[in-house]
Amino acid sequence: MKTLYLVRHCSANGQAADADLTESGFEQAEKLAAFFSEILIENIISSPFKRTQDSIKPTANAKNLPLTIDDRLAERTLSTSDLPNWLELLKETFHNLDLKLTGGESSREATSRAIEVINEAPNNTILVTHGNLMSLILKHFDDSIGFQEWKSLRNPDVYTITIGDDGSSFEQLWKD
């Protein structure tokens, strides 16, 4: 049996790869470290985005663990074009997993790269990522996950994913 912890980054000042955490986001990062203080964690893998790394650094420091960066946990690019109706299009990508917008990647492509990380990750690993990719990972394990579940994710959010011979399950752990 393998247990992984899927973490969505704390509150940030924007969507750019170099966006900083907000003041509240830094406080949330400290709360994440406290949350994980009594949980056995042996590895931490993060998206290359600054906000994901800053969200988990207090946990890594408290656990004296290195932070491994994996580009496959980066947020999914919906499109490189300005899309005034991006929310509507994002909603559609939960139904049409192969919908691919200009310069972007489909839900299926994004899910595939994220699941590679999950399959490779050792037991007791924290994986730090972003809202859209997190919801696609959860959808991989439960097809009923969609746009509404994406909208209800919080910053931060924590899910545990358990993978065993008899299947897999996940549970939302973050209650703050």
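The values are calculated or read from the model by the stated rules, or taken from the named source; none is laboratory data. Predicted model, so just to flag it, every value in this text is computed and none were measured. Here Cβ is always computed from backbone atoms with ideal geometry, including for glycine, and neighbour counts include all displayed protein chains. When the accessible area is computed, the model is the full protein with side chains, heavy atoms only, and any ligands, DNA or RNA have been set aside. Shrake-Rupley method; radii C 1.70, N 1.55, O 1.52, S 1.80 Å.
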Report task. Evaluate segment 4-23: report whether one residue or more is in contact with a Ser or Thr (Cβ under 8 Å, 6 or more places away or on another chain), under 25 Å from F170 (Cα atoms) and free of Cβ contacts under 8 Å to residues at least 40 places away in the same chain. Result -> no
Query raised in the report: E88 passes all but one of (1) of a type outside the set (F, W, Y); (2) without any contact (Cβ under 8 Å) to a residue 60 or more places away in the chain; (3) closer than 26 Å to G146 by Cβ; (4) in a loop (DSSP other than H, G, I, E, B); which number fails?
Result: (4)
Requested in this report: Among residues belonging to segment 1-24 that are of a type in the set (S, T, N, Q) and open to solvent by 50 Å² or more (accessible area, probe 1.4 Å), point out the one that is nearest to F141 (Cα to Cα).
Outcome: Q15
Report task. Determine which single condition G167 fails, assuming it passes every other condition in (1) without any contact (Cβ under 8 Å) to a residue 40 or more places away in the chain; (2) surrounded by 19 or more Cβ atoms within 10 Å (Cβ to Cβ). Result -> (2)
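Kindly establish whether R76 is touching a His at 6+ places or on another chain (Cβ under 8 Å), of a type outside the set (V, I, T), within 19 Å of H140 (Cα to Cα) and buried (at least 19 other Cβ atoms within 10 Å of the Cβ).
Against the criterion (touching a His at 6+ places or on another chain (Cβ under 8 Å), of a type outside the set (V, I, T), within 19 Å of H140 (Cα to Cα) and buried (at least 19 other Cβ atoms within 10 Å of the Cβ)), R76 qualifies.
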Query raised in the report: Can you name every residue in segment 29-57 that is touching a strand residue (DSSP E or B) at 6+ places or on another chain (Cβ under 7 Å) and among the β-branched types (V, I, T)?
Result: I41, I44, I45, T52, I56
Report summary line: Across (1) within 18 Å of I145 (Cβ to Cβ); (2) touching a Leu at 6+ places or on another chain (Cβ under 8 Å); (3) open to solvent by 50 Å² or more (accessible area, probe 1.4 Å), K57 clears everything bar (1)
